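One structure below.
Each reported figure results from applying straightforward, stated rules to the coordinates on display, with no laboratory input. Predicted model only: the values in this text are computed from it and were never measured. FYI the Cβ positions are ideal-geometry reconstructions off the backbone, even for glycines, and counts take in every protein chain you see.
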Amino acid sequence: MADVGIHTETERKFLVLSDAFKAEAIASHHIRQGYIARDSGNSVRVRIKDSTGILTIKGPSADDISRTEWETEIPLADAEALLGLCHGGIIDKTRYIIPEASGRVFEVDEFYGDNEGLVMAEIELQNADDSFEKPSWLGLEVTGDRHYYNSYLSLHPYKTW
C-alpha cells in the first residue's frame, strides 16, 4: 500500500445477523487500531493490518455516508509506537472480505476485547444511492449512527452499552 492521497470514501454500515458470512469470505486480516486525535468529526488513526502500519486522517461526514480520507503506509515499528500515543482503547478485530454480486466487497469486522459481540459489515460505494445485493446475514443499517464508528467504540466500548 502506498500513499493513496486524498479521496472521498462513501460507505454504508450494517449490523450482522449471523456468522454465515464466514463461509463466503475470501480473505481475512487481523487489525489493531487506535486514535491519536479526534476533534469536530476529524480523526487521526493509526492501524496495524496484519504486519503493515497505516496512518489515516479522516474529515467530518457531511451526509453520514461520505468522508474525506487520506492514508499512507508507515513502518510497522512506527505504527506500534504510535499505538502507545492513542487516546481511549485499542480496537482489536478481524476483518473478513466477502465478494458482492456487482464486484464490490463487503468488509465484515468481528470485534474482540471490550467490543466483543459486535459484528458489523460495510460496503464502499461510488455514490450514496448505488444499489447492491444484500446477503441474508446482513441486518439493521447503522450508517450515520456514531455509536458504530470505531473512534466512538474506542472511547465507549460495546460491552458498556
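Which of LYS134/LYS159; LYS93/LYS159; LYS22/LYS58; LYS49/LYS159; LYS93/LYS134 have a Cα-Cα distance over 20 Å?
LYS134/LYS159; LYS22/LYS58; LYS49/LYS159; LYS93/LYS134
Can you pull a Stokes-Einstein diffusion coefficient for the stretch 73-161 at 4 °C (1.567 mPa s), Rh from Kirkwood over Cα pairs, as a whole number of µm²/s? The partial results should precede the final answer.
Values: Rh = 15.0 Å.
Roughly 86 µm²/s, to the nearest whole number.
For a protection proxy built on the mean count of beta-carbon atoms within 10 angstrom, sort 90-102, 135-147 highest first, please.
Highest to lowest by the protection proxy: 90-102, 135-147.
Using the Cβ atoms and a cut-off under 14 Å, what net charge is assigned to the surroundings of GLY113, where Lys and Arg are +1 and Asp and Glu are -1?
It works out to a net charge of -2.
For q values of 0.10, 0.14 Å⁻¹, compute log₁₀ I(q)/I(0) with the Debye formula on a Cα-only model of the chain, without solvent.
Those come out to -0.35, -0.72, one per q.
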